[in-house]
1. Could you say which residue among ALA175, ALA229 is of a type outside the set (Asp, Glu) and either assigned by TED's automatic domain parsing to the domain that holds MET304 or at pLDDT 95 or above (or both)?
2. Tell me which residues, restricted to the range 264-315, are farther than 24 Å from MET344 by Cβ, part of a loop (DSSP other than H, G, I, E, B) and not aliphatic (A, V, I, L, M).
3. Out of the range 1-36, which residues are near ligand 1 (Cβ under 10 Å from one of its atoms), in contact with a Lys or Arg (Cβ under 8 Å, 6 or more places away or on another chain) and under 21 Å from HIS140 (Cβ atoms)?
4. Would you check if there is a residue in the range 374-382 being more than 16 Å from ligand 2 (Cβ to nearest atom) and of a type in the set (Gly, Ala, Ser)?
5. Consider the range 37-54. How many of its residues are over 14 Å from ASP137 (Cα atoms) and touching a Ser or Thr at 6+ places or on another chain (Cβ under 9 Å)?
6. Applying the selection to the range 70-124, what residues are without any contact (Cβ under 8 Å) to a residue 40 or more places away in the chain, out of contact with any strand residue (DSSP E or B) (no Cβ under 7 Å at 6 or more places or on another chain), aliphatic (A, V, I, L, M) and closer than 17 Å to VAL159 by Cβ?
7. Which residue out of PHE378, PHE373, PHE421 is in contact with a helix residue (DSSP H, G or I) (Cβ under 9 Å, 6 or more places away or on another chain), within 16 Å of ligand 1 (Cβ to nearest atom) and not aliphatic (A, V, I, L, M)?
8. Being surrounded by 16 or more Cβ atoms within 10 Å (Cβ to Cβ), in contact (Cβ under 8 Å) with a residue 60 or more places away in the chain and within 16 Å of ligand 1 (Cβ to nearest atom) is true for just one of ARG224, ARG293. Which residue is that?
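The values are calculated or read from the model by the stated rules, or taken from the named source; none is laboratory data. As the structure is a computational prediction, the values presented were derived from the model and not from experiment. In this analysis, Cβ positions are derived from the backbone assuming ideal geometry, glycine residues included, and neighbour counts consider all displayed protein chains.
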Amino acid sequence: MENIRQTVKRVWGYDALLPLQEEAIGAVLARRDSIVILPTGGGKSLCYQAPAAAMGKLAVVVSPLIALMKDQVDGLTTAGVPAAFLNSSLTTDERRLVEANVARGRYHLLYVAPERLVLPPCLRLLKQAGVAFFAIDEAHCISQWGHDFRPEYRQLKVVREDFPDVAIHAFTATATPRVRADIATELALREPEILVGSFDRPNLVYRVRRRTDRLQQVTEALERHRGTAGIIYCIRRAEVDQLTDALRRRGYRAVAYHAGLADAERRRAQDDFIAERADVVVATVAFGMGIDRSDVRYVIHAGMPKSIEHYQQEAGRAGRDGLPSECLLLYSGGDFGLWRSILMAEGLPAPGALPKLSEMYNYCQGAACRHRFLVNYFGQAYRTDTCGACDICLGEVAVEDGSATLARQILACVTEMGERFGADYVTDVLRGAETARIARMRHSRLDTYGVLRQYPKATVRNWIEQLEGQEYLARGEGEYPTLDVTAQGHRILRGEDAAPLLRTVGRPSREAPSRLARQAVSPGLGRTNDEDLFETLRVLRRTMAQERGIPPYLIFSDASLREMARERPTTEDAFLQIRGVGQRKLQDLGQRFLACIRKHGDGSAGDTSPAPSIARSSTKRD
Ligand code: ADP
Ligand code: ZN
């Protein structure tokens, strides 16, 4: 293990291992089969990369994502670990070269697509070369119960048959026992060590808001994250196109991504995002699987996802570098209905699809800590009272005072008028408006006329939507969208049930939640205020990435750049202390980064920056 620590420090520049990495690496060193379940961002790759680099023997990594393989290999090569991949994107010549190098024992890691691995020539080659161990990435793809079943994974059975003495290590972020059992069976694992990490992502701030004005709400959130990377998920392609256009008109560097676009367009969107030419990708769920950009600062769901599993996976693409990031979910009761009809239209919905949809909706409607809800959903206990990183715990959403009475009054008004009117009119009556229509209908004589006089129109309208969302009210079938009280709603009127109405208390501020989230994760990380130097380093990173033809995040992560901006190393030794700087990167990249930092240090004293930057520098080392 000491050897591993040294390798991790020398190659990756990390001083410590993340939770469970040591155990997972231990299983690899002990040649014992294992299943490692860690959430996105949990550091799964290091669990097989570090032992492979330390042993200096060939590890074979099976991965379903071709785009990701290239990134992983580029990342390893940049860090000085000999690695390559075999998949359909290679030309015949390229493939032959890789194969020859495999035979000569040149690589420590070889990434292979599952359909290629199981071909007899490939198996033969690997047998000749000798394999230290197999790592199966995204191992849930083997299970029909996972959210991403891939039939080609089923053929991986041959690995155990052809390499009976070589250990197999499976990695996934999907935690359900059923998927886990499938992995063990399908890969014929022998008493695998099972390691399950915590599913909480403390650096993510979760927020849920009822959708009132999509564009307005989205831009408000974007303003909290100007110039940083993010993803916006929509349910439908048309929404993707509309939102992208609207954002571009407002000056955001946004690109669209969905299955309706041509391959080339999709690839361009993805490339623009990876190369930092675009900040925002507006996408349907089709986007993200092949993206490893670790500095995604926010994920916005402009519509509700269809399950908590999907939500966890999509929102989980934020903050993989451990820095504070925001996950905002905008939903409406209509999203629930939309998904239901989509699922029904696809024929018989998969077992569990509708209950999962309801769970998702419960999450949106819920008034309990989001971190706790998510962690509990995945079968783990949550031990903190307030997470300090969700809308509920931050006090941004509260159950309305007298919520039960308010709900009853609204439902009573709807019944009193014979369920023949729409939400706007009901709102007017409840607020005691003096309109010609109310006069004509003589509705000012109703018991419920004016009972909610003291509340703003938008508030009352929103409560009606909430009651609709919780299915206490339903829209009538007729020509006009009139409101009906449902059977559940009648239970409220009889006092047998109470509906919680939520209200947004304050706007999320740019600073407060992330500071809290930051403390929750790793004090001392990201506390820099030197935005200027950070931005300068980002530009340098982009330039150097372009020169090398690799994505910027493979040069250094945001976390490393932040630390450089805070610590301002000027010597090689000091530079090597930065998390994420290993020997090879010091050699290859160190001089230019050091020069940049030194120059900034000289220049900034004489730099006549406006007041804000002086204010910033005064709190530099808090
Ligand atoms: P996963 O595959 O589980 O989603 P990754 O392997 O992509 O996670 O790692 C997530 C992030 O954590 C990466 O940016 C990686 O560089 C970083 N990381 C991994 N292990 C460590 C460690 N021991 N110390 C610091 N950062 C780490
Ligand atoms: Zn919370």
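1. On the way: ALA175 fails: either assigned by TED's automatic domain parsing to the domain that holds MET304 or at pLDDT 95 or above (or both).
ALA229 is the lone residue from the list that is of a type outside the set (Asp, Glu) and either assigned by TED's automatic domain parsing to the domain that holds MET304 or at pLDDT 95 or above (or both).
2. GLU276, ARG277, ASP279, PHE287, GLY288, GLY290, ASP292, ARG293, SER294, ASP295
3. Selection gives VAL36 alone.
4. Initially, the range 374-382 is screened for residues more than 16 Å from ligand 2 (Cβ to nearest atom), giving 379.
Adding the requirement that they be of a type in the set (Gly, Ala, Ser) leaves 379.
Checked against the condition, which is being more than 16 Å from ligand 2 (Cβ to nearest atom) and of a type in the set (Gly, Ala, Ser), the range 374-382 yields at least one hit.
5. At the first step, the residues of the range 37-54 found to be over 14 Å from ASP137 (Cα atoms) are 50-54.
Now narrow it down to the ones that are touching a Ser or Thr at 6+ places or on another chain (Cβ under 9 Å): 50-51, 53-54.
Residues in the range 37-54 being over 14 Å from ASP137 (Cα atoms) and touching a Ser or Thr at 6+ places or on another chain (Cβ under 9 Å): 4 in total.
6. Within the range 70-124, LEU119, LEU123 qualify.
7. Values: PHE373 fails: within 16 Å of ligand 1 (Cβ to nearest atom); PHE421 fails: within 16 Å of ligand 1 (Cβ to nearest atom).
After applying the criteria, what remains is PHE378.
8. On the way: ARG224 fails: within 16 Å of ligand 1 (Cβ to nearest atom).
Going through ARG224, ARG293 in turn, the sole match is ARG293.
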